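**Student:** Quick one: structure below, then a few questions.
No value in this document is a laboratory result; all are computed from the given coordinates. What you are looking at is a predicted structure, and each value in this text was computed from that prediction instead of being measured. For neighbour counting, all protein chains shown are included, and Cβ atoms are generated from backbone atoms with ideal geometry for every residue, glycine included.
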Amino acid sequence: MSGDYKTGAAFNPTAFNLYESWRAKADGGGDDQGRKAARAAVARCEILFNSRPIQITDVKGLNDDSGIETLPGPCTTCHGTPTSGNHSIPAPLDIGLTDAKRRTSDMPLYTLRNKQNPELVVQTTDPGRALITGKWRDIGRFKGPILRGLAARAPYFHNGFAKDLDAAVDFYNERFGLGLTDAEHDDLVAFLLTL
């Protein structure tokens, strides 16, 4: 990671440190045990969110614009604004949500043909930013939402593709090959619910 595209400042992947005090391993017993275990899960995932390596590929607006085919980085590569998880790069991205292969029966299907090169055809469930800019390269690109207050905003993604945070985490796990264990998946959902 090179860092800030304007200033050249080094990239700091630690966007979240809200739960540092919860990082002590849950121990002891009694009524406090359940609360300690829940806090430990959130704290574990805060570390995972900040540091789990992801091989980011085929993200329009990131890989193509940077010229980097595979960009290694954690979740904070895109959600790097400290304590809020807002996008840290000022660009709408296409992470594949509008691909025709992800279409459900309640979604429209648009077939778009490039005027300069009529052989270029894209099928998408949403033209995205291209509706505003008129640019072919902006098809399917969207500015992602801030993560703060995420729990109150289901369903997730601009098209409601994920009915809950479990489904949103499943999408990222599958799309980016995160290889989350069941426990890591649950911890990530617990962490996102606290933001």
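**Student:** To test your reading of the geometry: what angle, between 0 and 90 degrees and rounded to tens, separates the Cα axis of helix 165-175 from the longest principal axis of the chain?
**Tutor:** 60 degrees
**Student:** Let me ask something additional. Taking the Cα centre of segment 98-141 as origin and charging only Cβ (+1 Lys, Arg; -1 Asp, Glu), how large is the dipole, in debye to the nearest 20? Intermediate values should be presented prior to the final figure.
**Tutor:** On the way: 9 positive and 5 negative charges, 29 e Å.
Charge dipole of segment 98-141: 140 debye, to the nearest 20.
**Student:** If we restrict to alpha carbons, what Rg and Dmax does segment 98-141 come to, in Å?
**Tutor:** 10.4, 31
**Student:** If one computes the Cα centroid of segment 119-147 and of segment 38-67, what distance in Å separates the two points?
**Tutor:** Spelled out, the Cα-based centre of one part sits 22 Å from the other.
**Student:** What GluC sites (Glu not before Pro) in segment 17-118 are in a loop by DSSP, with at most 15 other Cβ atoms within 10 Å of the Cβ?
**Tutor:** When the GluC sites (Glu not before Pro) of segment 17-118 are filtered for loop state and at most 15 Cβ neighbours within 10 Å, E69 remain.
**Student:** Something else now. What is the count of Lys pairs in the chain whose alpha carbons sit under 23 Å apart, if the two are 8 or more places apart or on different chains?
**Tutor:** Pairs that pass both the separation and distance tests number 13.
**Student:** Please list 163-173, 71-81 highest first by mean number of surrounding beta-carbon atoms within 10 Å per residue. Before the final figure, lay out the partial values.
**Tutor:** Working: 163-173: 16.1, 71-81: 19.5.
Packing order, densest peptide first, comes out as 71-81, 163-173.
**Student:** Would you please state the base-10 log of I(q)/I(0) at q = 0.12, 0.17, 0.19 1/Å for the chain, with intensities from the Debye formula using one equal scatterer on every alpha carbon?
**Tutor:** At q = 0.12, 0.17, 0.19 Å⁻¹ the computed log10 ratios are -0.66, -1.21, -1.43.
**Student:** I've got another one for you. Just name one of P127, L178, L62: the one whose Cα is farthest towards the positive end of the charge dipole of the chain (beta-carbon charges, Lys/Arg +1, Asp/Glu -1).
**Tutor:** Checked the options; the winner is P127.
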